[in-house]
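Novice: My questions will all concern the structure given below.
The values are calculated or read from the model by the stated rules, or taken from the named source; none is laboratory data. It should be emphasised that the depicted structure is a prediction, and the values quoted were computed from it without experimental measurement. The accessibility values were calculated without ligands, DNA or RNA, using every heavy atom of the protein model including side chains. Shrake-Rupley method; radii C 1.70, N 1.55, O 1.52, S 1.80 Å.
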Amino acid sequence: FCRENRASRTSLFDGLDGLEEGRLRASSSYSHDTTERDNDEALESLQDRVSFLKRVTGDIHEEVESHNRMLDKVGNKMDSARGIMSGTINRFKLVFEKKSNRKTCKLIGYFVLLFLVMYYLIR
């Protein structure tokens, strides 16, 4: 099949050697123009993609900065909450270290009992 195809091609273009050279020259010029145009289109497409990626990375940078500021605020609030909790724990320690432990325990027990009663009544 390939031999027949080659033979038919050869017979078609036997008398067109001069024309074929001209066609090759014109084809080469046309090919150069299309290649140049394709390169320009590819370059424009690449520039579009690069500018898109630049915008996306800028947006990502802004988002990261925003999250870092938010995390700093949360960290500061956690530090202040930790300070308040440690102060409260220190006060509880002082209360329980006093000799009136029995009165304090009774008072805490009454508050817990009152809370449970109110919880069941509201429910």
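Novice: How large is the accessible surface of Asp59 in square angstrom, using a 1.4 angstrom probe and rounding to the nearest 10?
Specialist: 100 Å²
Novice: A follow-up question, please. Quick one: how many Å² of Ser31 are accessible to a 1.4 Å probe, rounded to 10?
Specialist: Ignoring ligands and nucleic acids, Ser31 comes out at about 50 Å².
Novice: A follow-up question, please. What accessible area, in Å² to the nearest ten, does a 1.4 Å probe give for Ile84?
Specialist: Approximately 110 Å² of Ile84 is accessible to the 1.4 Å probe.
Novice: How far, in nm, would the chain grow between Asn68 and Arg49 when pulled straight, counting 0.36 nm per residue and subtracting the alpha carbon separation? Kindly include the intermediate steps, with their values, before the conclusion.
Specialist: On the way: separation 19, 0.36 × 19 = 6.84 nm, distance 2.82 nm.
Using 0.36 nm per residue and subtracting the Cα-Cα distance, I get 4.0 nm.
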